[in-house]
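Peer 1: One structure coming up, written as C-alpha cells, with questions to follow.
Where a number appears in this text, it was derived from the coordinates with a stated rule and is not lab data. All of these numbers come straight from a predicted model, not from anything done at the bench. Note: ideal-geometry Cβ built from the backbone for every residue, glycine included; neighbour counts use all protein chains shown.
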C-alpha cells in the first residue's frame, strides 16, 4: 500500500505502508529505497503502521527543481502532516539528518535516530575525494562514482563493496546513487556542532552499533548530551547497518521507547 503528499516545493513524496496502529514515519539513509527497512518493519508492523518514505529523486518519489537538506526536512514534515498523529519519526544515517531537521521546524512527538553522519570532527568525506566522486560521475557514470563514495564516504572495505555489488539490490542502489552523492557535500556543510539540536524537546532514542565508524558514534554521543530528553542505545558488535542487522534487538528497543505512543 502506498500514498503520497505534496512537499513545500511541489515535489510529490510517496510512501509504502505496512501494519496497523500508530503511524511511524521511517526515513531511509542515502541509498535506501522504499524497502530499506524490510527486516525491521516486519517486526515493528505488529504494533505500528510503518510508513516508509521514498526520499526525493530516488525513483519512488519525485524530485524538485533544486536540492538541499531543507527541502528534505519539508518532505518529512509533509508526510507527518498527511499520515496524522501521533507524529513519530525514525531516521537512519542521512535520513536521521532529515528527521532532525524536520523536528526543528515542525512538531514531532517522538524521535528515533540511527547514526546521523554529522561532521563534528571535520568533513565526513574528504573534499578531494568529493572531487574524485564528481569526476567519476561525469566521466564514468553512477556505478563508478558510487564505488568511490562507498570506499571513502562510508569507509566500506573493498571486499564488502564487492559483496554488495554481487547482491540483488545493487542496480537499485546504482539508480539511486546520483541522488545520494549530492547529499555528501551538503553533509559536509552542516554545522560542526550540535547546538541547534538542543531546541528539540521531543523524547528521542539515539541508536548506534559499537562497531560503527567513529564519526557516527561521536554524533550520537554529542546529541545525547545536547538534546534534553534523549537517551542512547548501543548495540554491541554491529556497524552502520545496525537497524536491519540487529532488527530483533532494535525493534524491541523502539517498541519499548514508543510505548503506547
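Peer 1: Among DSSP beta bridges whose residues both lie in the chain, state the antiparallel percentage, nearest 5.
Peer 2: 25
Peer 1: Just grab the label-to-label distance for residue 162 and residue 189, each label 7 Å out from Cα along the Cβ direction, in nm (one decimal).
Peer 2: So the two model labels end up 3.7 nm from each other.
Peer 1: Counting other C-beta atoms within 10 Å, which of 200, 97 has the fewest, and how do the rest follow?
Peer 2: Listed from fewest to most nearby Cβ atoms, that is 200, 97.
Peer 1: A further question on this structure: To the nearest 10 degrees, how steep is helix 214-226 against the longest Cα principal axis of the chain, on a 0 to 90 scale?
Peer 2: 30
Peer 1: Helix-only mean residue ellipticity at 222 nm, the chain, DSSP H runs n ≥ 4 weighted -39,500 (n - 2.57), per residue, nearest 500. What is it?
Peer 2: -13000 deg cm²/dmol
Peer 1: Could you give the alpha-carbon Rg of the chain over 2.2 N^0.38 Å, rounded to two decimals?
Peer 2: Here the answer is 0.93, to two decimals.
Peer 1: Give the peptides 110-120, 218-228, 176-186 in descending order of average Cβ contacts within 10 Å, highest first.
Peer 2: Descending packing order for the listed peptides: 110-120, 176-186, 218-228.
Peer 1: Here's a follow-up. Hey, in the GNM for the chain with a 10 angstrom Cα cutoff, which one of 187, 161, 13 fluctuates hardest?
Peer 2: Largest GNM mean-square fluctuation: 161.
Peer 1: Let me ask something else. Among 164, 217, 14, which one shows the highest mean-square fluctuation when the chain is modelled as a Gaussian network with alpha-carbon springs under 10 Å?
Peer 2: Of 164, 217, 14, the most mobile in the Gaussian network model is 164.
Peer 1: Using a Förster distance of 22 Å, how high is the FRET efficiency between residue 225 and residue 104, based on the Cβ-Cβ distance and rounded to 0.05?
Peer 2: Once rounded, the FRET efficiency stands at 0.80.
Peer 1: Considering the chain as a Gaussian network with a 10 Å cut-off on Cα pairs, which listed residue, 54, 167, 21, attains the greatest mean-square fluctuation?
Peer 2: Top of the fluctuation ranking is 167.
Peer 1: What is the diffusion coefficient of segment 127-185 in µm²/s, taking the Kirkwood radius over Cα pairs and the Stokes-Einstein relation at 25 °C with a viscosity of 0.890 mPa s?
Peer 2: 216
Peer 1: On a full-extension model of 0.36 nm per residue, what is the gain between residue 63 and residue 6, subtracting their alpha-carbon distance, rounded to one decimal in nm?
Peer 2: Length difference between fully extended and current span is 19.4 nm.
Peer 1: Quick one: grab the alpha carbon gyration tensor of segment 189-261, order the square roots of its eigenvalues as a ≥ b ≥ c, and give me rounded if a/c is under 1.5, else prolate or oblate depending on whether a/b is larger than b/c.
Peer 2: Judged from the Cα gyration tensor, segment 189-261 comes out oblate (a/c at least 1.5, b/c at or above a/b).
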